[in-house]
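All remarks here apply to the structure that follows.
The values are calculated or read from the model by the stated rules, or taken from the named source; none is laboratory data. Nothing here was measured: the structure is a model prediction, and the numbers come from that model. Cβ placement follows ideal geometry from the backbone for every residue including glycine, while neighbour counts extend to all protein chains displayed. Each accessible area value is taken on the protein alone, full model and side chains, heavy atoms only, with ligands, DNA and RNA left out. Shrake-Rupley method; radii C 1.70, N 1.55, O 1.52, S 1.80 Å.
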Amino acid sequence: MEKINTGGEPRPLASAAPSGGEPRPLASAAPSGGEPRPLASAAGSGRKSRSFSGKWPVVVADSGGDPWYSTSEADFGAESPLFTSYDEPMSEHSTFKVGGTADVLVRPPRDIFPAYAARLLKAAREEEIPVFILGGGANIVVSDRGIRGIVLDTRDYNGVTKQQDGSVSVLSGTSVDDLTGKLAARGLAGLEFLAGMPGSVGGALWMNARCYEKSVSDALIETEILNENFEKQIIPFRAEDFSYKKSLFQNRDVLILSASFAVQGREPEYIRKEIASYRQDRRDKGHYRFPSAGSAFKNNRNFGAPSGKIIDELGLRGFGMGGAQVAPWHGNIIINTGNATAGDIKGLMNEVARRVKGERGLELESEILFVGEWGD
Ligand SMILES: Cc1cc2nc3c(=O)[nH]c(=O)nc-3n(C[C@H](O)[C@H](O)[C@H](O)COP(=O)(O)OP(=O)(O)OC[C@H]3O[C@@H](n4cnc5c(N)ncnc54)[C@H](O)[C@@H]3O)c2cc1C
């Protein structure tokens, strides 16, 4: 098998534009100060966080001074350190750039990712600690109160391998935009339509992301997952498992590890031009002008018009709530004008949906996922 990219370099953090931006440094791996605190369920049960060490692979290490959270990546023979951060601001991990903190964000390095994730997910289930799987954070609004439990960040699990049958196998944390560039360099066509779309391959499969009349599932051959029993499983593509912005993964509690896609050989220069035109089209449509999560509402054939057009017709372009606004140039993009809270975004989406329902009798369905502790 031929490695296209070893994927060693970390890709930029989630940002509105998937390429071209400067990578921003992550928050420090050390806790922001003070005593490490137990995770949610441990606190409730009166157990100390130290008691997790045998149960799940985050341990408290004593570095000579104050105790600090470290990890047991050495147990897995990892070559690079596992990133763990407590009270991690989720605004740095979502393209909307809003939201409170996650109790703990864990980002395993690629060489140990499946084994580590399996152990972490199993232990978390035993301890009844919720886990949110984070791709590129391009389709989520994290609540202002943040996320209780663990965020498992897939970003470092990235890379592409050309297989003997001509297909490509892609690790789930790979940025879809980077993927299109890497395939172009090798003269492999078939996924250009995803160029410029923020997010990871895992997130795109979970969402069955769609653009330019094509869905990610159109090129899918099979998906490798960690199933509900934390075992690796191959799921061959079946058309009935996917539909408009829907995938079987939305009905299961699994981690997508990798996927194989069908590609065809073409002139690299031709593919590069295609990619450039898709990226340019998104720039022209204002996708990266402000932080957002792309389309706010799903389209529905039965409505007779795209959701954005219906919102436009009600004169809601530019309509705002706090720091959130319906993009003045597109009815179906909600933007963070700079100081939006997650609550502003949710409130604005509710109000837009309410007006569409009131004036047209149509029930808009949110495409954006509301993640974390909302208290409603
Ligand atoms: C400017 C802009 C333009 C956009 N344009 C489009 C567009 O044209 N078409 C479109 O469909 N979307 C679009 N989007 C939305 C977004 O890019 C896609 O939905 C994307 O596929 C989300 O991927 P992600 O990795 O960021 O997922 P995230 O937002 O991180 O997560 C989305 C969901 O997937 C789950 N998930 C992520 N990775 C895994 C995994 N490995 N295993 C299991 N579950 C996982 C998460 O838990 C979550 O439930 C756009 C967004 C922006 C900001």
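Give me the percent relative contact order of region 191-300, please, defined on Cα pairs under 8 angstrom at least 6 residues apart.
For region 191-300, the relative contact order is 30 percent.
Rounded, prolate or oblate: pick one for region 283-357, where a ≥ b ≥ c are the square roots of the eigenvalues of its C-alpha gyration tensor, a/c under 1.5 means rounded, and failing that, prolate if a/b is larger than b/c, else oblate.
Note, shape of region 283-357 comes out oblate.
Using a probe radius of 1.4 Å on heavy atoms only, what accessible surface per residue do you get for region 146-190? Whole Å² is fine.
Here the residues of region 146-190 average 24 Å² of exposed surface.
Would you please classify the overall shape of region 155-206 from the alpha carbon gyration tensor, given that a ≥ b ≥ c denote the square roots of the eigenvalues, rounded means a/c under 1.5, and beyond that prolate means a/b larger than b/c while oblate covers the rest?
Oblate is the answer for region 155-206, as a/c is 1.5 or above yet b/c matches or exceeds a/b.
How many nm separate the modelled label positions at Asp312 and Arg148, each set 7 Å beyond the Cα in the direction of the Cβ?
4.3
Could you do me a favour and compute the accessible area per residue for region 305-376, 1.4 Å probe, result in Å²?
44
So how far, in whole Å, is the C-alpha centre of region 119-140 from the one of region 306-353?
Here the two parts' Cα centres lie 30 Å apart.
Can you flag which of Lys122/Lys245; Lys182/Lys246; Lys214/Lys298; Lys122/Lys182; Lys97/Lys232 are past 23 Å Cα-Cα?
Those over the limit are Lys122/Lys245; Lys182/Lys246; Lys122/Lys182; Lys97/Lys232.
Take the solvent-accessible surface of the protein heavy atoms, probe 1.4 Å, and return the percent of it on region 274-344 that carbon and sulfur atoms account for.
Result for region 274-344: 46 percent of the exposed heavy-atom area is carbon or sulfur.
Give me the percent relative contact order of region 91-193, please, defined on Cα pairs under 8 angstrom at least 6 residues apart.
30
Would you kindly calculate the translational diffusion coefficient of region 208-266, applying Stokes-Einstein with the Kirkwood radius from alpha carbon pairs, for 20 °C and a viscosity of 1.002 mPa s, and quote it in µm² s⁻¹ without decimals?
The diffusion coefficient I find is 175 µm²/s.
Quantify, in whole percent, the carbon and sulfur part of the accessible surface of region 117-200 (1.4 Å probe; protein heavy atoms only).
Looking at region 117-200 in its full context, I get 47 percent from C and S.
Which peptide among 221-229, 137-145, 83-91, 297-305 comes first, and what is the full order, when sorted by highest mean count of other Cβ atoms within 10 Å?
Descending packing order for the listed peptides: 137-145, 83-91, 221-229, 297-305.
Quick one: 3J(HN,Hα) in Hz for region 135-149, Karplus 6.51/-1.76/1.60 with θ = phi - 60°, rounded, Gly and Pro as x.
x, x, x, 9, 10, 10, 10, 8, 4, 5, 7, x, 10, 7, x
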